[in-house]
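Colleague: Below is a structure I'd like to ask you about.
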Amino acid sequence: MADNFNVRLDEVKYYTPDACCKEQSWIGDYNRTYQAFLADPDGFWDGIARELDWFQPWDRVKEWNYPYARWFLNGKLNITHNCLDRHAHSQRRNKVALMWRGEDEGDEQIYTYRQLHQAVCRFANGLKRLGVGKGDRVCIYMPVVPEQVIAMLACARIGAIHSVVFGGFGVNALNQRIRGIEAKVVITADVTYRRGKAIPLKNIVEEAVVSAPSVERIVILRRDTDKPVELHPEMEVDYYDLTEGVDRECPAEPMDAEDPLFILYTSGTTGSPKGIVHTCGGYTVGTYYTTKYVFDVKDSDVYWCTADPGWITGHSYGVYGPLLNGATCLIAEATPDYPDPGTWWNLIEEYGVTIFYTAPTAIRMFMRVGEEWPNRCNLSSLRVLGSVGEPLNPEAFEWYYRTIGKDRCPIVDTWWQTETGMHMLTTMIGEPMRPGFVGKPIPGVVADVVDMEGNSCPPGTGGLLVVKEPWPSMMRTVWNDDERYRKYWNTIPGCYTAADLAVKDKDGYIMVIGRSDDLIVVAGHNIGTAEVESALVSHEAVAEAAVIGKPDAMKGNVIKAFVILKDGRQPGDKLKNDLVYHVRMTLGPIAIPSEIEFVQSLPKTRSGKIMRRVLKAQELGMDPGDISTLEE
Ligand code: PRX
């Protein structure tokens, strides 16, 4: 991280966007809107929620019983009614809702709002056939295809709780998540395509459900029609067979605002990943609002969020937020540099993308390969650029602003988390942008940088980024582990602690520096040190392991592992490769260490806890800080 950041707080550098983008934006004047929110927070959210359709209005906007919030009490709605019916039964009926592009040019599917509505209803009826109903959990482990989005919406339609698992996760990670939610059904595909190769998914699912007795059925989307995979009829059913002969209509289940909508796993600092629970009412309002106001979505926009729906960004800003706003969304099963680094820019030109949302790691990769790739394309359709997942360092900001945005497009660097459900900090459109800084809390959010006692840090002094008031799309609990939920609110009294280190400048702009805990953000994805360590230790040659994040110019961080071998095992390159392969199979390719060092011992506290901080300081040649608890 340090390598990517060289911002001087006293060196004030702002980019001031064109005045007309502020005048024409939904948000208008940020300060005025923020003050209006502060004057009447409940009134603010009430007004936003009224822009959506509810089957029954709420009695109260919120109830705050620290640290538990309930929003839109007794309100009844269905997010898919708001994503689909509202548009399919209006003049947006024939508007394109979803455009999908595969790796090959000919691979394209387009759904209007009417068609998407119908596809979701049919699949929802198919799920009902399998006995799936309100409150049942469904695991979705699929590539980025329209059926992935349809499966999510179909679950939400009937009140089943979906839990999407990123298609790049391995057997153990998938098994842990299926068991965690006690999924009744798993929806998957035969293969995912990456870099021209078909990567099988079905076999991973088959292995992952072996010790998951809750799973009754597996639904399989068979993409490879030349060689259709064989199905085991007692357990497996074809995605499209399931919808054969079903009704085209499926009424949206009226959901209580506080009913769970989905569970999404995110890495924890210790042990198992956490199933973050989001609810129907607050999440709908939060994602609708932020998509509209942060990205300034208008009816004429073509919107592309490059995140896989397996991550929260894909949930909130790839699927729900844009559909709630009736936008035309592009999704792509496309690797940024395959077949060449011009792929994404070609898609922007071809589809006339106007709003583009991606991650700093991708931007840095494109910077490295050179601006000749974007310069070959006509990117003049773009009007808003977004960034998420990790700090957007000033060099990457400037490149994005100049080379992609041609000095015209505002950049919204959005800070938020799986747990927050929606954007929390950004520089709203029309406000001066400060490279390296995400910006300020959006209207609706009260956030600050504080010390361990909760006191506001003066400008220039680093502290913890916290949120001080509840917000509609905040997670409600950690699935089956409420203790872990309370921890978020107990670390600093009265505050939600995000575990990010940050610093404010004199104008209140916030710079997010990185994690304060044992999570490593690799290419914008959170990886728990504990998860990688336990994957390593599950290899028969490993006695102990510790992993740290090392700053990397492109990925933000990479993983370095320190490994103690069992007696009699010989270190060497072959074993290193075996360990990498083992982690790939266990957790998936995103978690593999890029460096492995065999060591004789690890720095530990007297109580036996590995001091990763000391390892990291050693590795980076830095001061390890307080080592008074270090074992002899
Ligand atoms: O460390 C912060 C970083 O990503 C973490 C949240 O990760 P996750 O739950 O996977 O969600 C990622 C997408 C919302 C945060 O605690 N992070 C996210 N956005 C930014 C960021 N760091 C700096 N700048 C951002 N814009």
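Colleague: Treating the Cα atoms of region 108-252 as identical point scatterers in vacuum, please give the log10 of the normalised Debye intensity I(q)/I(0) at q = 0.12, 0.17, 0.20 Å⁻¹, two decimals.
Modeller: Those come out to -0.44, -0.92, -1.28, one per q.
Colleague: What nm distance separates the two modelled labels at Asp451 and Ser594, each placed 7 Å from Cα along Cα→Cβ?
Modeller: 3.7
Colleague: Follow-up question, since we're still on this one. With an 8 Å Cα cut-off and a minimum separation of 6 or more residues, compute the relative contact order for region 294-364 in percent. Please list the in-between numbers first.
Modeller: Details: 80 pairs, mean separation 28.4, N = 71.
After rounding, I find 40 percent.
Colleague: Please list, in order, the residues from region 360-380 whose amide nitrogen is less than 11 Å from a point placed 7 Å along the Cα→Cβ vector of Ala553.
Modeller: Only 368-369 pass the distance filter.
Colleague: Given all pairs of different Cα atoms, what value in angstroms does the Kirkwood hydrodynamic radius of region 519-620 take?
Modeller: On the way: mean 1/r = 0.0730 Å⁻¹.
For region 519-620, the Kirkwood estimate is 13.7 Å.
Colleague: Quick one: what do you get for region 206-296 if you divide its Cα Rg by 2.2 N^0.38 Å? Don't jump to the answer; show the numbers that get you there.
Modeller: Working: Rg = 18.7 Å, N = 91, 2.2 N^0.38 = 12.2 Å.
Relative to the rule-of-thumb radius for its length, region 206-296 sits at 1.53.
Colleague: Next question, about the same structure. Summarise the accessible area of region 532-632 (1.4 Å probe, protein heavy atoms) by the percent that is carbon and sulfur.
Modeller: 51
Colleague: Still on this structure, I have one more. Give the long-range amide H neighbours of Tyr265: residues separated by 5 or more places, or on another chain, with amide H under 5 Å away, using H modelled in the peptide plane at 1.01 Å from N.
Modeller: Ile276
Colleague: In addition: Over region 519-620, calculate the relative contact order: mean separation of alpha carbon pairs under 8 Å at least 6 apart, over the residue count, as a percent. Kindly include the intermediate steps, with their values, before the conclusion.
Modeller: On the way: 160 pairs, mean separation 26.9, N = 102.
It rounds to 26 percent for region 519-620.
Colleague: Turning to a different aspect of this structure: What list of whole percents do you get for P(r) of the chain, with Cα-Cα distances grouped in 20 Å bins up to the one holding the largest distance?
Modeller: Per 20 Å bin, starting at 0, the Cα pair percentages come out as 19, 56, 24, 1.
Colleague: I want the local charge near Ala543. Using Cβ-Cβ distances under 11 Å, sum +1 for each Lys or Arg and -1 for each Asp or Glu among the other residues. Intermediate values should be presented prior to the final figure.
Modeller: Numbers: positive: Lys566, Arg569; negative: Glu540, Glu544, Asp567.
In short, -1.
Colleague: Quick check: residue separation of Lys134 and Trp64 times 0.36 nm, minus the Cα distance between them. What number comes out in nm?
Modeller: Details: separation 70, 0.36 × 70 = 25.20 nm, distance 2.63 nm.
Gain on stretching Lys134 to Trp64: 22.6 nm.
Colleague: Starting from 0.36 nm per residue, how many nanometres of slack lie between Asp299 and Leu620 once their C-alpha separation is accounted for? Display every interim value, and only then the final one.
Modeller: Working: separation 321, 0.36 × 321 = 115.56 nm, distance 4.94 nm.
Working it through step by step, the gained length comes to 110.6 nm.
Colleague: With a 1.4 Å probe and every protein chain kept in, tell me what percent of the accessible surface of region 304-392 is carbon plus sulfur.
Modeller: Values: 1130 of 2330 Å².
It is 49 percent, rounded to a whole number.
Colleague: Using helices alone, I'd like the mean residue ellipticity at 222 nm for the chain: each DSSP H run of four-plus residues gives -39500 (n - 2.57), total over residue count, nearest 500. Mind showing how you got there, number by number?
Modeller: Numbers: 17 runs with 161 residues, N = 632.
The per-residue figure over the chain is -7500 deg cm²/dmol.
Colleague: How much FRET efficiency would the formula 1/(1 + (r/R0)^6) give for Gln109 and Ala541, where r is the Cβ-Cβ distance and R0 is 35 Å, rounded to 0.05? Mind showing how you got there, number by number?
Modeller: Numbers: r = 46 Å, r/R0 = 1.32.
The pair Gln109/Ala541 has a calculated efficiency of 0.15.
Colleague: What FRET efficiency, computed as 1/(1 + (r/R0)^6) with R0 = 41 Å and r the Cβ-Cβ distance, is obtained for Trp26 and Glu249, rounded to the nearest 0.05?
Modeller: Taking R0 as 41 Å, the efficiency between Trp26 and Glu249 is 0.80.
Colleague: Under 8 Å for C-alpha pairs, at least 6 residues apart: give me the relative contact order for the chain, rounded to a whole percent.
Modeller: On the way: 1391 pairs, mean separation 89.2, N = 632.
So the answer I get is 14 percent.
Colleague: Among all the lysines, which ones have a C-alpha under 20 Å from Lys560's C-alpha, if same-chain residues fewer than 8 places away are not counted?
Modeller: Partners within reach: Lys550, Lys574, Lys576, Lys604, Lys609, Lys616.
Colleague: So, in Å, what gap is there between the alpha-carbon centers of region 353-415 and region 144-209?
Modeller: 30
Colleague: How far apart, in nm, are two points set 7 Å out from the Cα along the Cα-to-Cβ line at Lys197 and at Gln56?
Modeller: If labels sit at Lys197 and Gln56, their model points lie 5.4 nm apart.
The values are calculated or read from the model by the stated rules, or taken from the named source; none is laboratory data. Please read all numbers here as calculations on a predicted model, not as lab measurements. All Cβ positions, glycine included, derive from the backbone under ideal geometry; neighbour counts span all protein chains shown. Calculation scope for accessible area: heavy atoms of the full protein, side chains included, ligands and nucleic acids excluded. Shrake-Rupley method; radii C 1.70, N 1.55, O 1.52, S 1.80 Å.
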